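The values are calculated or read from the model by the stated rules, or taken from the named source; none is laboratory data. Keep in mind it's a predicted model, so treat the numbers as computed, not measured. Note that we place each Cβ from the backbone using ideal geometry, even for glycine, and neighbour counts take in every protein chain shown.
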Amino acid sequence: MFRPVALLVAVTMVVACSDDPPEPTPTQTQIPEELESVDLPEIAGDEAGIGTPMEERVATIGLLNKRNNLSEELELRPGEQRRVGDVIVRLRACERTAPWEFERDEGAFVQVLVRERGTEDSFRKVFSGWLFKNKPALNVVEHPIYDVWVKSCAMDFPGEE
C-alpha cells in the first residue's frame, strides 16, 4: 500500500543528511565575494562632522539640596566632575536632538555620588544614567536629599544659525 506521508518523511531525511549547503532563500542577503574582504573604515559621529565634538560640549546641570532648599547650576564638560558639599556630580556625555528632527530634547549621561555618613572621603554611587530635560520622569535620581536634572546641553550642528 502506498503511503505519501512515509515517502515525504523519507525524502526529507535524505535531504537533511546531504552535505550540500541549502540554497539561500530570497530573504537572505548575499554579499558579493569581492566585497567580503574589504575593510570599511569606522567613522564616529564626531569625526564625520555631525555636531560639536563631545569634549567641547557644555552641559548645565541643576543640583538641589532638599534638606536646606539650596540649588546650584553646574556647568560641566564631558569627563569633568564637581563636588558640592557631600555630593559629586560627574558628566560623561551630553546630547541634544538636531534642529531638523522632531520632538526636540536635550540630555546628559550623569553620575551622582554621595558621601557616606561618618566618613571623610568615601562616596557611594547613587545614580548613573541618562537624564532628559523634557522628560524628567523617564529616569529619576532617587535620593532623599539631592535632586539632579538637566537644564541644557550646549552644542552646535552644521548649518545651524
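Of all residues in the stretch 81-95, those that are in contact with a strand residue (DSSP E or B) (Cβ under 6 Å, 6 or more places away or on another chain) and either in a loop (DSSP other than H, G, I, E, B) or polar (S, T, N, Q) (or both) total 2.
If you go through the stretch 101-125 one residue at a time, how many are assigned to a strand (DSSP E or B) and over 24 Å from Leu138 (Cα atoms)? The qualifying residues number 2.
Quick check on Ala93: is it in contact with a helix residue (DSSP H, G or I) (Cβ under 7 Å, 6 or more places away or on another chain) and within 20 Å of Leu63 (Cβ to Cβ)? When the stated conditions are applied, Ala93 passes them. The residue list Asp147, Asp105 contains one member that is closer than 16 Å to Leu64 by Cβ, of a type outside the set (Lys, Arg) and in contact with a Lys or Arg (Cβ under 7 Å, 6 or more places away or on another chain), which is Asp147. Every listed requirement among (1) assigned to a loop (DSSP other than H, G, I, E, B); (2) out of contact with any Asp or Glu (no Cβ under 8 Å at 6 or more places or on another chain) is met by Gly129 save one, (1). Every listed requirement among (1) modelled with pLDDT of 90 or more; (2) assigned to a loop (DSSP other than H, G, I, E, B); (3) surrounded by 10 or more Cβ atoms within 10 Å (Cβ to Cβ); (4) not acidic (Asp, Glu) is met by Ala98 save one, (1).
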